[in-house]
Structures are given as C-alpha cells and as structure tokens.
Amino acid sequence: MKFRAKIVNHVSIRNFAQLVHVLSKAGKQLVLRIGPNKFAFVLSEKEIKANGVTAWCEFAPERCFSEYIMEGMSPENNEIYLEVSSDYLASVLSGLKSSQNTAGLKIKLTKKCVACLTIEIEVQTANSTSVCVHDIPITVLPPRSWTEYQQPQMPVFSVSMSLPDVKIVRKTIERLRHISPRVIITAKPQTHGKIIFSVESMSVKSSVTYTGLRMYEIEGMDPGQIDFGTDEEPVEPRIFEVEVEMKTLFQIISADSLKATSTICSIVDGRLIHLFYIFGDATLQYCIPSINSQE
C-alpha cells in the first residue's frame, strides 16, 4: 500500500486548504478515499449518524496534483480508505489558505509509530526555502467498511437552480439565525428561478427572496412539463420547500473560505436540500435532511 501526491499550483494549494477547512465545520472525522482516478473526502459514518448530513468533496487528480502515485491494498482492492481528524488536518493546512509563499504541498502515507498522513509544506522566500513536516495519525479502514463511504446516490430532485454569491447568502443566514432555530427554503421554478429563505418566531416573521436565478434541467423531466403560463392566463408555479435546522445550514455555509465558481441548490420537496459547489479542480456537495425526515 502506497500513496504520495504533490501540489505546486498556488490556486490548487489554496483551494485544497480551504475545502478541508470547510469540511472540518461539518464533522470532526473525515474519511479520505484514494483511488487511481479518485481523491475524495467523505464525512465519517459516525458524523452522518449524528446529524444526518452527508458531505462529499472530490478532487480531479490529473488537474489538482503535479505528482500522484498510489497502490491500493491489493490488485482486487486498488484503493485506500483513511480516517483522519478533520480539525487536526485543517489546523495543519490553515496557513495555506492565504499564503503567497507556499512552493509546494506534499501528502504521503507513512509508517511512524503508527500509520500517519504526512504533510510536507515547502515555503519559499527571497532568501531561503524551508520545509515544515506534520505527521497526522490516521486509521486505515478495511475493505469490509468501504461500502459506507461510496459517493452518495442522489434522489431525483424536485427543482435545481443556481444560488447567488455565497457571501451574500451567508449574510442572509447570519441575520435570520437569531430569529428561529429553523429555516424554510422555498423554490419557485419560474422562467427564472426564485428562492426564499424564511423564518418565524412568536413575534417576528421574516424572509429574504432572491430572483433571476438560473434554472437547471432535472434528469428525467421534460422542461415542457413546467407550465409557466402566459401573459393572458398566468399559472401559479408549483412551490417546492424544505425546512432544515438553522444551525446546520449556518455551519455549512458560513465558512469564509468558500469561493466557488458556481453553486447549485437542489430540493427534494419536503425531504432534503442539496448544495453543490464547483471549483476549478474540485467539487463539494452536501445533503441536509429536512427536520421532518429526522423526527
């Protein structure tokens, strides 16, 4: 069993550190899935059982890494699954989120007193080059548990549309979270999408609406099935909504390092919300179950 990878591109190094930081907000333990053509972080099964949230972050090895060498447990099981502390890993990489002097990031599977994920950070200045080495203890997962960490199977979504800039949405959630521990997310698939975040308490009812959002075609649905009406006979569009815990949504969306090139929000009516972030060489997705599905 062998694994060694290296990143030299500044943007890729920064994205890697930022995404690990974001994932550390969702759970304390991550499973790193390493394959010949796949490098992905998954929330551990313990974290999923705790709050029902699933997360999957995948990097394209051929685009992200300048060097990528791996040998799995066997020719039949040519993958490696490692459980690692997300807080520890995020702490090691925290300085890379904004550093301009990082010349390289190496990640290796090593054997010290225990199995470790060794992180080597090469820092280059005008006068010198230094290498900082961190050994993070990990647990190597046996093949019998691998089925728990496969890419999540997505249900058929009721509606999918883009979200505004994450910073804007984060400010909205920040304001609303002081009103109620729950938030209702409503989507209206009009010609241009509309999404509403609403909360209610004994004394206050508040909502924020975003309009003009890009709609995405849902696999298996004929766009002609959605009747937007005419100017003469407008048709009230169908409404899809889901109610989720404000704390969970805020933890996921509040990380200041999220700088995705595109964000897609999908809803399964009454069941869950799916957030899909697209980066240059990586993707990140979350499934947040509705409160009703957890009760």
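The values are calculated or read from the model by the stated rules, or taken from the named source; none is laboratory data. Keep in mind the model is a prediction, meaning the values are calculated, not measured. With ideal geometry, Cβ positions are generated from the backbone for all residues, glycine too; neighbour counts draw on all protein chains shown. With ligands, DNA and RNA removed, areas are computed over all heavy atoms of the protein, side chains included. Shrake-Rupley method; radii C 1.70, N 1.55, O 1.52, S 1.80 Å.
Computed quantities for the displayed model
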read-out	value
Using a Förster distance of 22 Å, the FRET efficiency for residue 77-residue 278 (Cβ separation, nearest 0.05)	0.15
For residue 194, solvent-accessible area (1.4 Å; no DNA, RNA or ligand), Å²	50 Å²
Candidates 151, 251, 124, ranked by Gaussian network fluctuation over the chain, Cα under 10 Å, top entry	124
Of 188/259; 167/247; 38/171; 6/97; 28/194, those spanning more than 24 Å from alpha-carbon to alpha-carbon	188/259; 38/171; 28/194
Gain upon complete extension [residue 101, residue 178; 0.36 nm per residue less C-alpha separation]	23.8 nm
Largest-first ordering by accessible area, 1.4 Å probe, given options 250, 41	250, 41
Gyration tensor (alpha-carbon) shape descriptor, the stretch 72-116, a/c threshold 1.5	prolate
Distance in nm between pseudo-label sites at residue 132 and residue 165 (7 Å out along the Cβ direction from Cα)	3.0 nm
Nearest-0.05 FRET efficiency for residue 196 and residue 146, computed from C-beta distance (R0 45 Å)	0.65
Hydrodynamic radius by Kirkwood, which averages 1/r over all alpha carbon pairs of the stretch 49-96, in angstrom	14.1 Å
Relative contact order (%) - the chain, alpha-carbon pairs under 8 angstrom, separation at least six	19 percent
GNM flexibility winner over the chain from 132, 57, 113 (Cα, springs under 10 Å)	113
Listed residues 170, 238, 182, most fluctuating in the chain (Gaussian network, C-alpha, under 10 Å)	238
Whole-number D in µm² s⁻¹ for the chain, Kirkwood Cα-pair radius fed into Stokes-Einstein, 20 °C, 1.002 mPa s	103 µm²/s
